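Have a look at the structure below, then the notes.
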Amino acid sequence: MCVCVGRCSLQASCSLLCNSYPYLAVVLNFSQTWALYCLVQFYTVTKDKLEPIKPLAKFLVFKSIVFLTWWQGVAVAFLFSIGAFKGSLAQEFENTHTRLYHLY
């Protein structure tokens, strides 16, 4: 979806509020939530067969790492877009991000 939006030149600039990032975040959030729901459904059906290996704790830890890491990325992108990061490293990241964006 991101590549299609970039190829079709639907994004006016690299700023978070003016491009498709919020929509992509909603789609990705729904996708991850649906995958988590399907895994919970799978576990409820197979929990008796999987009981010897006790997968619930492993499942919860792994999924929380993936899900919370994604939300951390969304929060950092939002803070960066509103100008919360103003140091030289942030400027360098913005320049790199702009160059990568224009590779499409």
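The values are calculated or read from the model by the stated rules, or taken from the named source; none is laboratory data. Note that the structure is a prediction, hence the values are computed from the model and not measured. As a convention, Cβ positions derive from the backbone with ideal geometry for all residues, glycine included, and neighbour counts pool all protein chains shown. Please note that ligands, DNA and RNA were not included when accessible areas were found on the heavy atoms of the full protein model with its side chains. Shrake-Rupley method; radii C 1.70, N 1.55, O 1.52, S 1.80 Å.
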* For the range 28-84, which residues satisfy the criterion of being among the β-branched types (Val, Ile, Thr) and either assigned to a helix (DSSP H, G or I) or under 13 Å from the mean Cα position of the chain (by Cα) (or both)? -> Thr33, Val40, Thr44, Val45, Thr46, Ile53, Val61, Ile65, Val66, Thr69, Val74, Val76
* Read through the list (1) farther than 30 Å from Gln91 by Cβ; (2) open to solvent by 50 Å² or more (accessible area, probe 1.4 Å), then give the number of the only condition that Ala35 fails. => (2)
* To do: Quickly run through the range 47-80 and pick out the residues that are in contact with a helix residue (DSSP H, G or I) (Cβ under 8 Å, 6 or more places away or on another chain) and in contact (Cβ under 8 Å) with a residue 12 or more places away in the chain.
  => Pro55, Leu56, Phe59, Lys63, Val66, Phe67, Trp70, Val74, Ala77, Phe80
